[in-house]
Amino acid sequence: MEKNVRTRFAPSPTGFLHIGGVRTALFNYLYAKQNGGQFILRLEDTDRERYIEEGVEQIVDSLQWLGLQPDEGFWISEGEHQNIEFVQSKRHESGVYGKYIDTLLASGLAYRDWTSNEQLDQLREQAKQEKRAFLFRKNMATTESDESQPHVVRLDVSACAETIKEWKDFVEWDEPVRGNLHQKLADIDDFILQKSDGFPTYNFANVIDDHEMQITHVLRGDEFIASTAKHILLYKALGFEAPQFVHLPVINGTDGKKLSKRTGDTNTLDYRDNGYLPDALLCFLAQLGWNDGTEQEIFTLKELAEKFSLERINNSPATFDEKRLEWVNGQFIRQLSTHDLYEKVGNYWPDSAKDSDEKYKLKILELAQDRLKTLKDLQQFGYFFTDPQPNMGLIEKNKQLSKISPERRAELIKQTKNALESSDFTSEAIQETLNQLLKDTGEKPGILFSLIRIHTTWAPFSPQLNETLALLGRDTTVSRLSKTS
RNA sequence: GGUCCCUUCGUCUAGUGGUUAGGACAUCAGGUUCUCAUCCUGAAAACACGGGUUCGACUCCCGUAGGGAUCACCA
C-alpha cells in the first residue's frame with residue numbers, strides 16, 4: 001500500500017503569482033488529486049523585507065479563480081483566511097523552528113556565526129579572484145561568547161558528512177524523469193539556517209515544514225535543483241525522511257528567454273481580466289512540460305488529474321506561446337453550451353449591453369460563440385445594442401465598394417431597405433429577400449452584402465448577414481439603412 | 001569562473017536501435033453562395049555539431065557548441 005500522497009504549493013507573497021507559479025501549483029494539485037491525497041497551500045513569508053501585503057490576497061484570488069482548491073492551507077475556502085498553521089511567520093512566532101535549531105546546535109551539526117556582512121563580502125571577493133565558488137566553513141566563522149549579539153546559525157556540512165555514513169562523497173537522489181542526481185558534499189556551503197533577525201531561512205523552514213506537514217512529493221521549479229542537496233542533507237541531519245523531489249522545467253517568455261515584464265511575466269489575474277477561461281489556462285499550462293503521449297490537445301481539469309503522471313513530465317524548458325493559449329481558450333469556449341457560456345461571460349459584455357435582456361444576449365452569444373477567442377472579444381459586438389457611428393473608412397478600404405459611386409450605393413441601400421421592410425424577418429426569409437435582391441440588382445454578393453453589413457453594423461466584420469439582421473430586427477435594420485441612405 | 005541541468009519543425013510536443021520522423025499552434029494556399037471567425041482540405045517547416053558503439057542511430061556512449069539554473073542573513 002502506497003502511503004498517502006501529500007503535495008504542497010508554497011508561494012512567497014513577494015509579488016504577484018505568475019504562470020510559472022500556476023503551473024507548479026497545478027502539477028502539485030493534479031498529483032495529489034490523482035492519488036486521492038491532499039494538496040496543501042503554505043505561505044512562505046519569512047522574508048520581511050520583500051513582503052507585499054496584497055501578495056497574499058493576489059495568490060488566493062488567483063488560485064480561487066483557477067479552481068485549484070487546497071485541502072489544507074492558509075486559505076481553504078471563502079471566509080477561511082489566515083489559518084496560521086500554514087503561515088511561516090506565524091509558525092516562527094510559535095517557536096516551531098527554534099526547537100529544531102536547538103537540537104542541531106546541541107548535537108554539533110550546526111554552529112553560531114557572528115561574521116559580519118562586510119567580512120562575508122571580502123571572503124566572496126577573494127573567492128571570485130581565485131575563480132572558485134565561495135563556500136563557508138566552520139573554521140571561517142567568527143565566534144563570540146555573547147549570544148545576545150546578532151548572529152546566524154549555519155549547518156556544519158562536514159560534521160553532517162561524518163555523522164551520516166550513508167554517503168561517501170556525494171548527496172544523491174532519484175527523480176522520475178531526470179534519474180539519478182547528485183552533488184558533491186565538498187561543494188555544499190555551510191548555509192544559513194537562522195538569520196540574524198531570528199527568522200528561519202527558506203532552506204530551513206522549507207524542510208521543517210515539509211516534514212511536519214508530512215509532504216511526500218515536492219514538485220517545484222528547476223531553479224531548486226541546486227539547493228536540493230542542502231535540503232536532503234538537512235533532512236538526514238534531523239533524522240527525517242526526505243520527500244520525493246520532482247523538478248519541473250522552466251517556462252520561458254515569448255522570446256524564449258526567462259519570463260520578464262515584456263515577455264509574459266504576467267499577473268495570473270490579468271488572464272482572467274482578459275477573458276481567458278481558467279480551465280483553458282490550466283489545460284494550456286499542463287502541456288508546457290507534460291503530455292499524456294496521445295494526440296489529445298484539450299483536457300478538462302478532471303481528465304488531467306486522471307492522466308497526469310510524473311514519468312511523463314519533460315525535462316527541457318518550454319516557451320510560452322500566447323497564440324496557442326488563445327486557440328485553447330477558443331476551443332473551451334466552443335465546447336460550452338450557450339447557456340454555460342452565458343454564465344461565464346459575466347461582465348465582458350460591452351457597456352451598451354447593460355439594459356438588454358437575457359434572451360437577446362443568449363441569441364447574440366449563439367452567433368458569437370464560434371468567433372470568440374477570449375470573452376473579451378465580445379466587446380466587438382456593440383452594434384447589437386446601440387446604433388454604431390458611421391465610419392466611411394470601411395467603405396473606402398473595401399476594394400470592391402470603393403469603386404462604386406456614392407449614388408449607386410445609395411440606390412442599392414434604398415432598394416434593400418424597401419425589400420426588407422416587407423420581409424418576414426426570420427433569418428430564412430431575410431436570406432430569400434437578399435437572394436432576390438442579388439438577382440434584381442445584378443450585383444455580386446461581395447458588393448451587395450458587404451454594403452449592407454457595413455451600413456447596419458459599421459464594423460469590419462460580423463456574423464452571417466441574414467442572422468445578424470434577423471437579430472437586429474426589422475425596425476433597427478430599416479432605421480439604420482434609412483439613416484445612411 | 002565552480003557546480004548542476006537542458007538541446008526534435010518558428011512554438012508546444014510524439015518518438016526509448018530499423019518510421020516517408022507523427023500531431024497541434026502559428027504561417028501560406030484552397031473550399032464553406034459577403035467580411036471576420038469557426039469548420040474542412042492541402043503546403044511549407046525539425047532530430048545543434050563532431051566522433052564513436054552497432055549490420056543499422058533522433059534514439060546508447062564520449063566530446064564540442066549553444067542555452068539555462070545556482071553560487072544571498074531571496075525564495
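The listed peptides A:140-152, A:447-459, A:344-356, ordered by packing as a protection proxy, come out as A:447-459, A:344-356, A:140-152 (highest mean of other Cβ atoms within 10 Å first). By the scheme Lys and Arg +1, Asp and Glu -1, what is the net charge of all other residues having a beta-carbon under 13 Å from that of A:GLU432? Taking every Cβ under 13 Å from that of A:GLU432, the sum is -2. Using only side-chain charges placed at the Cβ, +1 for Lys and Arg and -1 for Asp and Glu, the dipole size of chain A relative to its Cα centre rounds to 1720 debye.
Taking a ≥ b ≥ c as the square roots of the Cα gyration tensor eigenvalues, segment A:184-263 comes out prolate, since a/c reaches at least 1.5 and a/b is larger than b/c. Please list log₁₀ I(q)/I(0) at q = 0.16, 0.26, 0.27 Å⁻¹ for segment A:59-141, using the Debye equation with identical point scatterers on the alpha-carbon positions. Log10 I(q)/I(0), no solvent term: -0.80, -1.21, -1.24. A cut-off under 14 angstrom between Cβ atoms defines the neighbours of A:ARG480, and their net charge, with Lys, Arg +1 and Asp, Glu -1, is +2.
Each Cα pair under 8 Å and six or more residues apart adds its separation to the average, and for segment A:224-299 the resulting relative contact order is 18 percent. Between the listed residues A:THR386, A:GLY446, A:ALA106, the Cα displaced farthest toward the positive end of the dipole of chain A, a dipole computed from Cβ unit charges relative to the Cα centre, is found at A:GLY446.
Bridges between two residues of chain A, per DSSP, are antiparallel at a rate of about 50%. Can you check what the net charge comes to around A:LEU282, using other residues whose Cβ is under 13 Å from the Cβ of A:LEU282 (Lys, Arg +1; Asp, Glu -1)? Result for the neighbourhood of A:LEU282: +2. Think of chain A as a dipole: +1 on every Lys or Arg Cβ, -1 on every Asp or Glu Cβ, centred on the Cα centre; then among A:LEU219, A:VAL250, A:THR426, A:THR426 lies furthest on the positive end. Calculated mean residue ellipticity at 222 nm for chain A: -13500 deg cm²/dmol, from DSSP H runs with n ≥ 4 weighted as -39500 (n - 2.57), summed, divided by the residue count and rounded to 500. Scaling the Cα radius of gyration of segment A:276-407 by the globular reference 2.2 N^0.38 Å produces a ratio of 1.43. So if the hydrodynamic radius of segment A:96-232 is defined as the Kirkwood radius over C-alpha pairs, what does Stokes-Einstein give as its diffusion coefficient at 10 °C and 1.306 mPa s, in µm² per second? It diffuses with D of about 97 µm²/s by this estimate. In terms of its C-alpha gyration tensor, segment A:33-186 comes out prolate, because a/c is 1.5 or above and the ratio a/b outweighs b/c. What the Kirkwood sum gives for segment A:363-434 is a hydrodynamic radius of 15.1 Å, with every pair of different alpha carbons counted. Taking a ≥ b ≥ c as the square roots of the eigenvalues of the alpha-carbon gyration tensor, segment A:157-220 is classed oblate because a/c is 1.5 or more while a/b is no larger than b/c. For the peptides A:283-293, A:467-477, the ranking by packing is A:283-293, A:467-477, with the highest mean count of neighbouring Cβ atoms within 10 Å listed first. The value of relative contact order for chain A, using C-alpha pairs under 8 Å at least six residues apart, is 12 percent. For chain A, would you read off the P(r) tail past 29 Å as a percentage of all alpha carbon pairs? Here the long-distance tail beyond 29 Å is 62 percent of all Cα pairs in chain A. Annotation for segment A:269-347: GluC sites (Glu not before Pro) lying in DSSP loop with at most 14 further Cβ atoms inside 10 Å of their Cβ are A:GLU295, A:GLU297. Each peptide in A:55-65, A:400-410, A:173-183 gets a packing score, the mean of other Cβ atoms within 10 Å over its residues, and the list from highest to lowest is A:55-65, A:173-183, A:400-410.
Residues A:TRP167, A:TRP75, ranked from the fewest to the most other C-beta atoms within 10 Å, line up as A:TRP167, A:TRP75. Only Cα sites of segment A:281-355 enter the Debye sum here, all with the same form factor; the resulting log10 I(q)/I(0) across q = 0.13 1/Å is -0.51, listed in q order. In a simple Cβ point-charge model (Lys, Arg +1; Asp, Glu -1; nothing else charged), segment A:373-485 has a dipole of about 480 debye relative to its Cα centre. Only sites in a loop by DSSP and with at most 14 other Cβ atoms within 10 Å count here; which GluC sites (Glu not before Pro) in segment A:154-211 make the cut? In loop regions of segment A:154-211 (DSSP not H, G, I, E or B), the sparsely surrounded GluC sites (Glu not before Pro) are A:GLU166.
Note on A:LYS403: lysines with a C-alpha under 26 Å away, same-chain residues under 8 apart excluded, are A:LYS414, A:LYS417, A:LYS439, A:LYS444, A:LYS483.
Here, each number is a calculation from the coordinates, and none is a lab measurement. Please read these numbers as outputs of a predicted model, since none were measured by experiment. Positions of Cβ are generated from backbone atoms using ideal geometry, with glycine treated the same way; all protein chains shown enter the neighbour counts.
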